[in-house]
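A.B. asks: The structure is given below, and queries will be raised subsequently.
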Amino acid sequence: MIKDLTSSQTYQPQVGDNFKNHDEFVNKIKSYARNLSFVIRLGKVEYVNTTKNKEQENITKQLRKRTLLCSRAGYSEPKESILNNENSNIKERNQKSQRCNCSFYIRASLDSSNGLWYIINMNLTHNHQMVDEYHQFFMSNERSIPDDVKQRIALLRHAGVDVPTIRAILKESLVIVLHGVYKVLEQFKYDNDEFFYYIDVNNNTQRLERVIWMFPEQHINYSRFNDIVVFNNTYKTNRFQMPFGIFTGVNNYGYSICFADALMIDETLNVKLRQY
C-alpha cells in the first residue's frame, strides 16, 4: 500500500502546534492517523458566540474548538435488528460495533487574535491494535472515490451508460473493494479468534485479487488429512463476477471434506493452500 511520503508521515502532534485554519488541523491529524493505521472521527465542536444578520435574518456561526477522536472511541448503543420486524420488508445486517471506548483525542482551539488554530490538549494512547498492513486498504478513509473519477462517472451516466459498463470502463482507475465480504470475514474473526482468512491486494493496481478463509474445524481437518488436496474453482458468483473455489480432501472414512474456500478475480491464479 502506497503512503503519502510528505512531512505528515513523520509528524508527531504536540500541545502548542499551530495550524493556519480548522481544515488544515483536521487534514494534518487525519494524515497522521492514516500513517499509524487508524481512522479519525470528528468529535465535539464549540462555536464563537453567534451573531445574527438583521437584513438576511440568518445566524452565522464560527468554529472555536474542535475535538478529533479515534473512530473506535465510545460505545455504540445496541440496536434492535430490523430483521426481527415481521412488518418490514427492509433487510439490514445487525453488525457488532468496532467501538471499544478508545481514549485517543486531540483538541484544538482558535486564537481570535491571530486566526491560528492551536492544539490545547490531547491523549495519544489507544486501547486496541492498529490495522495491519494487509487490511489498511479497507480502512474507511481509503475508500473514497477521487473527484476526477466521480466526474467521469457523472459524464458516463449522463451519456446513458449503464452501471456494469461504467464499472468495466473504470476498472483500471477505480478500485472495486468488496467491503461486504471483508466485513463478513471480520465478523467471523470477531466471533472466533481461530477463524483464519487472508486478503491479497495487488500492490501495483491496488485491486483485490483473492480472499481465502478457513474455519477452525476446517483447519483441524486439514492438519489431519492433507495428504490429498484438490482445488476446484468451477463456481462463480453473479454479484462480484469472481470465481469461487474450494479446497477439498478425503477423510479416514473416504468422504470428501472441505478444507478452505476462496474468491479470486482470475481462475488462472496459482493458489496453494500450504502457503497460507
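A.B. asks: Of the residues in segment 49-73, how many are more than 31 Å from the chain's Cα centre (by Cα) and modelled with pLDDT of 80 or more?
C.D. replies: Summing the residues that are more than 31 Å from the chain's Cα centre (by Cα) and modelled with pLDDT of 80 or more in segment 49-73 gives 1.
A.B. asks: If you scan segment 220-232, which residues turn out to be surrounded by 15 or more Cβ atoms within 10 Å (Cβ to Cβ) and of a type outside the set (Ser, Thr, Tyr)?
C.D. replies: Asn221, Phe225, Val229, Phe231
A.B. asks: Within segment 162-276, considering only helices (runs of 4 or more DSSP H) that don't extend past its boundaries, which have at least 1 residues that are at pLDDT below 80, under 30 Å from Lys150 (Cα atoms) and not polar (S, T, N, Q)?
C.D. replies: Answer list for segment 162-276: 163-169, 179-191.
A.B. asks: Can you tell me which residue in segment 76-118 is surrounded by the most Cβ atoms within 10 Å (Cβ to Cβ), limited to those that are of a type in the set (Lys, Arg) and at pLDDT 55 or above?
C.D. replies: Taking the candidates together, the pick is Arg107.
The values are calculated or read from the model by the stated rules, or taken from the named source; none is laboratory data. These numbers were taken from a predicted model, which means no experiment stands behind them. Every residue, glycine among them, receives a Cβ derived from its backbone with ideal geometry; neighbour counts consider all protein chains shown.
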